[in-house]
Amino acid sequence: MKALIQRVRRASVVVDQRTVGAIDRGLLALVGVEKGDDEAAADKLLHKLLHYRVFADEADKMNLDLQQVDGGLLLVSQFTLAADTRKGLRPSFSSAAPPAEGERLFHYLLDRARAAWPKVACGEFAANMQVELVNDGPVTFLLES
């Protein structure tokens, strides 16, 4: 599994002109599920999401994690993260998990995140979503499990 995380001041997801998920300060995680991913990969990714130190401490060093700053976590499924872009000018999605498996593992990750942290919001799997954010920094990292 992959997650493109962005440290945000706020972020939200809109589907059909209604907000389905929103956070204030925290992490927006665009999540891609690849063939071969399983629950162990999701658990490892969740550990990184909750403990990756990307927030500034009193010395302005990235030493604090999401929980230490009481931040929100916005999970958004994004199968395009699994694209192979090494050849040509059009992405190949042959490495992406089949839709049913991607949805199952995304919801597994979401359920585990909600069990571990109270400030979790999400987008809508396979929907046409508009994601709005204010990237803080900007700070963006690609996490892989």
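None of the figures in this text is laboratory data; all of them are computed from the coordinates on show. Just so we're clear, the structure is a prediction, and the values are computed from it rather than from any experiment. Positions of Cβ are generated from backbone atoms using ideal geometry, with glycine treated the same way; all protein chains shown enter the neighbour counts.
Checking Asp37 against (1) surrounded by fewer than 17 Cβ atoms within 10 Å (Cβ to Cβ); (2) farther than 26 Å from Arg9 by Cα, only one condition comes out false. Which one?
(1)
Can we say Val69 is among the hydrophobic types (A, V, I, L, M, F, W, C) and over 15 Å from Lys119 (Cβ atoms)?
So Val69 fails the test.
Right, Asp70: surrounded by fewer than 17 Cβ atoms within 10 Å (Cβ to Cβ), acidic (Asp, Glu) and either touching a residue at least 12 places away in the same chain (Cβ under 8 Å) or in contact with a helix residue (DSSP H, G or I) (Cβ under 9 Å, 6 or more places away or on another chain) (or both) or not?
yes
How do the pairs read when you match residues in region 93-107 that are among the hydroxyl-bearing types (Ser, Thr, Tyr) with residues anywhere that are in a loop (DSSP other than H, G, I, E, B), using Cβ under 8 Å and keeping only pairs 6 or more apart or on different chains?
Short answer, once both residue conditions are applied: Ser95/Lys35; Ser95/Ala83.
Condition check ((1) surrounded by 13 or more Cβ atoms within 10 Å (Cβ to Cβ); (2) in contact with a Phe, Trp or Tyr (Cβ under 9 Å, 6 or more places away or on another chain)) across all residues:
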position	(1), (2)
Lys44	yes, no
His47	yes, no
Leu66	yes, yes
Ser94	no, no
Glu101	yes, no
Phe106	yes, yes
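Hey, does region 75-90 have a residue that's among the charged types (D, E, K, R) and either more than 18 Å from Leu142 (Cα to Cα) or touching a residue at least 24 places away in the same chain (Cβ under 8 Å) (or both)?
yes
Return yes or no: is Leu143 assigned to a loop (DSSP other than H, G, I, E, B) and of a type outside the set (Gly, Ala, Ser)?
no
Test Lys87 against the criterion of being touching a strand residue (DSSP E or B) at 6+ places or on another chain (Cβ under 7 Å) and not acidic (Asp, Glu), and give yes or no.
no
Among the candidates Val20, Val31, which residue alone is crowded, with 17+ Cβ neighbours inside 10 Å, part of a strand (DSSP E or B) and touching a residue at least 60 places away in the same chain (Cβ under 8 Å)?
None of the others qualify; the one that does is Val31.
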